[in-house]
Amino acid sequence: MDPLALALTPQVGPRRLMLALRKKDLSPEAVEETLGREIGAEYRKVLRQGRAEQERERAEGLGIRVIGLWEEGYPEALRQLESPPSVLYLRGSIPPFERSLGVVGTRRASAWASDWARKVALELAGAGVSVVSGLARGIDTAAHQGNLEGGADTLGVLGSALDQIYPPENRALAQRMSLLSEFPLGTPPQASLFPRRNRLIAALARSVLVVEAGVKSGSLITAKFALELGRDVLAVPGRPGDPFSEGCNRLIQDGAGLVLGAEDVLGSLGLRARPKPALELAGPEAALHRALLELGAALPDDLAQAVGLPPSEVLAHLTLLELKGLVLALPGGRYGVGA
């Protein structure tokens, strides 16, 4: 008999599943004797319907691996949970635990927080660190994007099935990254599933970073799970009195590591930044970079006046400098020195 059929049976969680598997007999009669008549009846129904075979066929057609708790390929970090998922659905790969950083934050992220998360995730990718997050709007999206821009294999853990990408505007982003879920195919996003998703993010990451969060943010649930699992919790400070930063500020008050940049995160992970190759600037790019060093944050029109170039050319060169990591786009259309 197929263990996946038992795992897909209603009321069979990881404890009941492993109890039945220890008997080494998954016949309906043995399952009924071990787990009771009601579960035995449901198990028979799952077998008659061929649900396990159908689930595997659908997953294979979508390029998804189905990994059971009973299999060697099941991630050890999740096996250690008090209630590990009975089944995982994986498209892509799970990054190494030692180089995984959980990044969470508000869905209604401010411009500075989104820019900061993207930039730092990109820098961390250069040091071989992969972001594990939830593919949600706001901070999650920015962190995944930055990590991808830096060449890392970022992992999105979903609160829905892998064939039910949420939010829908992130479907294109999801196609470029690895995805993980514990929910059977066809499961839509539901508010009750997101805390379960959060515990997986915390378990798969060596440290968890909260970028921007209010006191009632779901990100604090992830931080709580991380603390319970013995992971380091890090937080980015915000302005006092800012409701969207109050959760982070309180985490720091309670002992979370204060993070101002990628180096602080790497220190938590016991890693060092890879040295950046020297970039020799010349012509308009060099002039713009010098102007930004002198002016600080500036609008393209101000920079155009400072270096004597048309605004359209200034914007083109600023884009190139941003790709090199030397310029950072800031709220309000301004630009600042990025590195």
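A few points about this structure:
- Of the solvent-accessible surface of the chain, computed with a 1.4 Å probe over protein heavy atoms with every protein chain present, carbon and sulfur atoms account for 52 percent.
- Taking region 102-221 and dividing mean pair separation by its residue count, relative contact order in percent (alpha carbons under 8 Å, at least six apart): 31 percent
- Most fluctuating residue given options Val215, Val233, Val120, as computed from a GNM of the chain linking Cα atoms under 10 Å: Val215
- DSSP beta bridge pairing in the chain, given as percent antiparallel to the nearest 5: 40 percent
- Of Lys119/Lys224; Lys224/Lys324; Lys24/Lys45, those spanning more than 30 Å from alpha-carbon to alpha-carbon: Lys224/Lys324
- Length-normalised contact order of region 187-304 in % [C-alpha pairs under 8 Å, at least 6 apart]: 19 percent
- Accessible heavy-atom area order of Tyr74, Tyr166, Tyr335, highest first, probe of 1.4 Å: Tyr166, Tyr335, Tyr74
- Candidate cross-link partners of Lys216 among the aspartates and glutamates, defined by an alpha-carbon separation under 15 Å and a same-chain spacing of 8 or more, comprise Asp242, Glu246.
- For the chain: relative contact order, % (alpha-carbon pairs under 8 angstrom, 6 or more apart): 12 percent
- Probing with 1.4 Å while keeping every protein chain in the model, the per residue accessible area of the chain equals 48 Å².
- Label selected from (1) 39, 24, 19; (2) 46, 20, 17; (3) 34, 22, 21, the criterion being semi-axes √(5λ) of the Cα gyration tensor in Å as computed here: (2)
- Extending 7 Å from the Cα toward the beta-carbon at both Glu263 and Leu299 defines two label points whose distance is 3.4 nm.
- Bridge type composition, region 51-180 - antiparallel percent by DSSP, nearest 5: 45 percent
- From the alpha carbon centroid of region 1-68 to that of region 195-223 is 31 Å.
- Among 13-19, 208-214, the order from most to least packed when residues are scored by Cβ within 10 Å on average: 208-214, 13-19
- Highest-fluctuation residue, Ser192, Ser268, Ser160 considered, GNM on the chain with Cα pairs under 10 Å: Ser192
- Accessible area, probe 1.4 Å, largest first, for residues Asp140, Asp25, Asp301, Asp2: Asp301, Asp25, Asp2, Asp140
- For the chain, the longest principal axis of the C-alpha atoms and the axis of helix 283-295 are separated by about 90°.
- Net length gained if the chain between Arg22 and Glu38 were fully extended (0.36 nm per residue, minus Cα distance): 3.8 nm
- Across Thr222, Thr34, the residue with the most accessible area heads the list, and the full order at a 1.4 Å probe is Thr34, Thr222.
- Area accessible to solvent at Glu246, 1.4 Å probe radius, in Å²: 70 Å²
- Residue among Ala161, Ala203, Ala191 with the largest mean-square fluctuation in a Gaussian network model of the chain, springs linking Cα atoms under 10 Å: Ala191
The values are calculated or read from the model by the stated rules, or taken from the named source; none is laboratory data. Source: prediction; values computed, not measured. Cβ coordinates were reconstructed from backbone atoms using ideal geometry, including for glycine residues, and neighbour counts include every protein chain displayed. Please note that ligands, DNA and RNA were not included when accessible areas were found on the heavy atoms of the full protein model with its side chains. Shrake-Rupley method; radii C 1.70, N 1.55, O 1.52, S 1.80 Å.
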